[in-house]
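Worksheet for the structure shown next.
The values are calculated or read from the model by the stated rules, or taken from the named source; none is laboratory data. Small disclaimer: the values here were computed from a predicted structure and weren't measured. Note that we place each Cβ from the backbone using ideal geometry, even for glycine, and neighbour counts take in every protein chain shown.
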Amino acid sequence: MIFAKAFIIGGLLCVVAQLLMDLTNYKVTPSHILVGFVTSGVILSAIGIYQPLVDFAGAGATVPLSGFGHLLAQGALDKVQTTGLLGAFSGGVASAAAGITAAIVFGYLVALAFRPKA
Amino acid sequence: MVGVKDSQPAEIQNRQYKLLVDRVKPRPTLARNVFWAFVVGGSICLVGQFISVFFSSLGLNLEETGAATASTLVFLAAVLTGLGYYDEITKLGGAGGIVPITGFANAMVSPAMEYKTEGLVMGVGAKLFTVAGPVLVYGIVAAWLVGLIYYLVL
C-alpha cells in the first residue's frame, strides 16, 4: 500500500535528521539539515539508490528534501545524455524549476501579505 | 569545574548548574523527539502522496504530477507559515517539520516575513534566501558535478 509506505519511509528519513540533531555535539541547525539532505539526495541519486526508494515509497521519498536533490541529479544526468556537457549546466535546475519557482513566488507573496506573530 | 560555589555571581552559578544538569540528566526527550519526527514527517509525506494521487488522477504525467505536488505543498506551507501555524508543526515534530519540502518553504518565508521592515530588497528579497541560498548552492553544485562526472565517464 503506497500510502503506508510513503508515511513510513518519509517518517524514517525525518527520524534520521532528528537523530543527527539530537545526538551530535555539533550545532546542527535546520539549514544544515536541509543542505545535508539535498546533497545526500544528489549523491544517492547519482549512485542509483534513490530512484528505487522513490519507486517503493512515492511521496515518502520525493517530499523530503533529499527528493529535491534526486530531481536535480536526475535532471543533470538525463540532459547530459542528450546534449552532452551543456546538460550538466541546464538539466538540474530545469527539472526542479517548478518547485524552485513555487517556493520563491509563494514565499515572496506570503512574506508581503502576512505579519510575523509578535 | 561544575561544582557550584556560593562565592560566584548568580549568572555563573546558573551556568554551572545547567552544565551539571546536562551532564547527569538522562535523555527522556530523545525518544519523544524521534517519535514525533516520525509521525509529523510521515504525515506530511502522506499528505503529499494524497495530493500526488489526486493530480495523477487528473491525467498529469509523472513529471507534471511531481511538479504540481511540490508546488501545492510549498503553497500550503507558505500560507501556514504566514498564519503562524507552521511553527507549531516544527515545535512538535522537530526534524519532521524541517526535512520535507514544506520545511524548506517555511525556512524561506519565516525570515523574509521577520525582516520585512528592512525593506523589499534587503529585507524580503534577501532573507527569502537565508536558507534557500545554501540549499540551492549545494544542491546545484552537487548535481552539476554529477553531470560532469557522468559526461567524463560516458
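Numerical summary
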{"item": "Elements of type helices (runs of 4 or more DSSP H) contained in region B:61-154, each with 3 or more residues being within 8 Å of chain A (Cβ to nearest Cβ) and of a type in the set (A, V, I, L, M, F, W, C)", "result": "B:62-83, B:101-114, B:129-153"}
{"item": "Failed condition for A:V63, given (1) surrounded by fewer than 23 Cβ atoms within 10 Å (Cβ to Cβ); (2) on the phi < 0 side of the Ramachandran plot; (3) at pLDDT 95 or above", "result": "(1)"}
{"item": "Residues that are within 8 Å of the chain's Cα centre (by Cα), hydrophobic (A, V, I, L, M, F, W, C) and farther than 14 Å from B:S52 by Cβ, drawn from region A:46-70", "result": "A:L65, A:F68"}
{"item": "Helices (runs of 4 or more DSSP H) contained entirely in region A:10-118, each with at least 2 residues that are out of contact with any strand residue (DSSP E or B) (no Cβ under 8 Å at 6 or more places or on another chain) and more than 7 Å from chain B (Cβ to nearest Cβ)", "result": "A:30-46, A:50-57, A:65-83, A:86-95, A:97-113"}
